[in-house]
Amino acid sequence: MLLCRRSTIFVPSFIAKTSPNLFSYFTKKTHALSLFKNSPIRCNYSYLFGKPIKDSNFFGAHDLFVNKKAKFCNLAISGTSRRNEKAVGGNVMSLREKKKARREAPEGVLKFKLNACSKRGDVVEGLRLYDEARKNGVELNQHHYNVLLYLCSQNGGENVSDLRKQGFEIFQQMIIDKVPPNEATFTNAARLASAMEDPEMAFDLVKQMKGFGILPKLRSYGPPLFGFCKKGMADKAYEVDAHMIEYGVVAEEPELSALLKVSADVNNADKVYELLHRLRTSVRQATESTVGIIEDWFKCKHAAKTGKENWDVSKVKEGVARGGGGWHGQGWLGCGQWRVVRTQMDKEGVCGSCGERLACIDIDPRETENFAISLSKLALGRDVKADFIRFQDWLQRHGPFDAVVDGANLSLINQQTFSFSQLNSVVHRLHDMSPSKKLPLVILHKSRVTGGPAQSPYNTKLLERWKNSGALYVTPAGSNDDWYWLYAAVCCKCLLVTNDEMRDHLFQLLGTSFFPRWKEKHQVRLSVSRSGIALQMPPPYSIVIQESENGSWHVPTTTNDDLETPRQWLCATRPIKS
């Protein structure tokens, strides 16, 4: 129920105090003001409060929102807990009984039903539940409001404009009800603004988060950034990008791709150059849609006019050496029309189109050491600490190794059941390749060495031989063996043999900066066919966007690491003047 009197919107003064721009949305924005004026939901604000509010510091909310240490609680749930603190007979309720009481309370039932609406994308039912809850006096909490805002921001259809308006009405009511917003609240409100083709308002909402002690996330910036890019407002898009950088939010491929396109559309060659290098650093390999944008840029007339006819060769070489190879960062080199083709690299990294050999970019040893430390901290925080410390001590005594094997992964490739013979073939192959002629370290979970195929006499002897050679480590029950084989490979600075894509949540914790480069240099993959097993060794060149000393560019596409599909590259070159 909106708090209003006639055509004037009543908005608490704390909104103006704490967040003046947020207040302006409901007083200065023409379309926002009209949507509240035209709202069919009207009542006198005294309906809820009994008498006019005189205190300018409405509910003391200014302090409530600004103080980040304030401990917000669910008013409805806490009220339910107090009412149900004692069961029949005066006995204190158990934790289970309290949880049941919260679930069965009107607020808990509403939460359950709204969550179901969110899963189905049923905005109509969600809004019906909202109207019913307000009519029945159910106190909505942060979660309720966020689900409703999400539903309004995600749905389209014939009544899309009405849905956006209802979403803003709900957002205003949330603030009037003094329900503290969080990042999801502002992000969904920004999505509503973007859906109404108002990226400026979406960006203002993101900027308001600071006043509420909330740090924006990458998803928070999507609505204004993509909105400005869609409208071709490059300067405003750059402003959003700068705000992201200021708050330490790292843009990913979708954001960089959108910025790249709008920069190409407005012929901002310097920005295109900058964004290509940012893609090289953080994304490395581009999806087909991004490669298409890059391809269109190199084919356009403005790209042909951009570049230096003469440049300082020594500075370029210095830049290449400083960057570890594969780029120099000295700006566009050369002039004239670009020759743009799709091609492949041979096994040595020689381009099938221009004949240029790609660079193998160095990894700083200090980065590897820091990566091992951060990996250890993550593992100790998520696995049984004593178990992982025991493994670290064991590795220090028995290492280093030339290769580490993800036993479970390799034993199940093209197999219906766990195959020790396939695993043994890989171990033999790695042993023959080893410079030290040492067996690789095989990591297996306890469940793999105590039951099933492990009980056969042959496999039992095999496991015993590896164990006696100090080449087998069995991870204990309840542990995640991914942490063990990855940590061992990083610490030993050796090859890691696994077909695991290493893309799930666990590996996302490792970041997108160093980890992809480390994988490229150290991961060995296995293919199994009728002719036997084959190991795909790391390439002698870096699969990353590269800028050569003569100004040409090579952009690799993503192939999901498919061993059977050759990777496609975009090659962009132009004539070199002798």
Counted charge near Thr306, where neighbours are those whose Cβ lies closer than 12 Å (Asp, Glu -1; Lys, Arg +1): +3
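Two decimals is fine: what's Rg over Rh for region 260-335, C-alpha atoms, Kirkwood radius as Rh?
A ratio of 0.98.
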Charge tally in the Cβ shell below 12 Å around Asp296, where Lys, Arg are +1 and Asp, Glu are -1, Asp296 excluded: +1
Under 14 Å, Cβ to Cβ, from Glu367 - net charge with Lys/Arg +1 and Asp/Glu -1: +1
Rounded if a/c under 1.5, otherwise prolate or oblate - region 417-480, Cα gyration tensor axes: prolate
Aspartates and glutamates whose Cα lies under 12 Å from that of Lys315, excluding same-chain neighbours fewer than 8 positions away: Glu549
Residues whose placed amide H lies under 5 Å from that of Arg357, excluding near-sequence neighbours: Cys351
Where labels lie 7 Å past Cα in the beta-carbon direction, separation of Leu215 and Asp296 in nm: 3.5
Gyration tensor (alpha-carbon) shape descriptor, region 306-355, a/c threshold 1.5: oblate
Cβ-derived FRET efficiency at R0 41 Å, Gln396 paired with Thr557, nearest 0.05: 0.50
Ser161/Lys207 FRET efficiency (R0 30 Å; Cβ-Cβ; nearest 0.05): 0.75
Label-point gap, in nm, between Asp362 and Glu125 - each point 7 angstrom along Cα→Cβ: 6.1
Close Lys-Lys pairs in region 137-274, where close means Cα under 23 Å and separation is 8 or more or interchain: 22
Positive-pole candidate from Ala264, Leu218, Ala303, dipole of region 218-348, charges at beta carbon: Ala303
For region 190-322: accessible area per residue (Å², 1.4 Å): 46
Under Karplus coefficients 6.51, -1.76 and 1.60, residue-wise ³J(HN,Hα) of region 112-119 in Hz, glycine/proline x: 4, 5, 5, 4, 5, 5, 4, 5
Accessible area of region 423-578 divided out per residue, in Å², using a probe of 1.4 angstrom: 46
Cα gyration tensor shape of region 344-473, rounded if a/c is under 1.5, else prolate or oblate by comparing a/b with b/c: oblate
Distance between modelled label sites at Leu378 and Thr450, nm, 7 Å Cα→Cβ extension: 2.8
Cut-off under 5 Å, modelled amide H: who pairs with Arg339 long-range: Thr573, Arg574
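The values are calculated or read from the model by the stated rules, or taken from the named source; none is laboratory data. It should be emphasised that the depicted structure is a prediction, and the values quoted were computed from it without experimental measurement. Cβ sites come from the backbone with ideal geometry, for glycine too, and all protein chains shown count toward neighbours. These area figures cover heavy atoms from the full protein model, side chains too; ligands, DNA and RNA do not enter into them. Shrake-Rupley method; radii C 1.70, N 1.55, O 1.52, S 1.80 Å.
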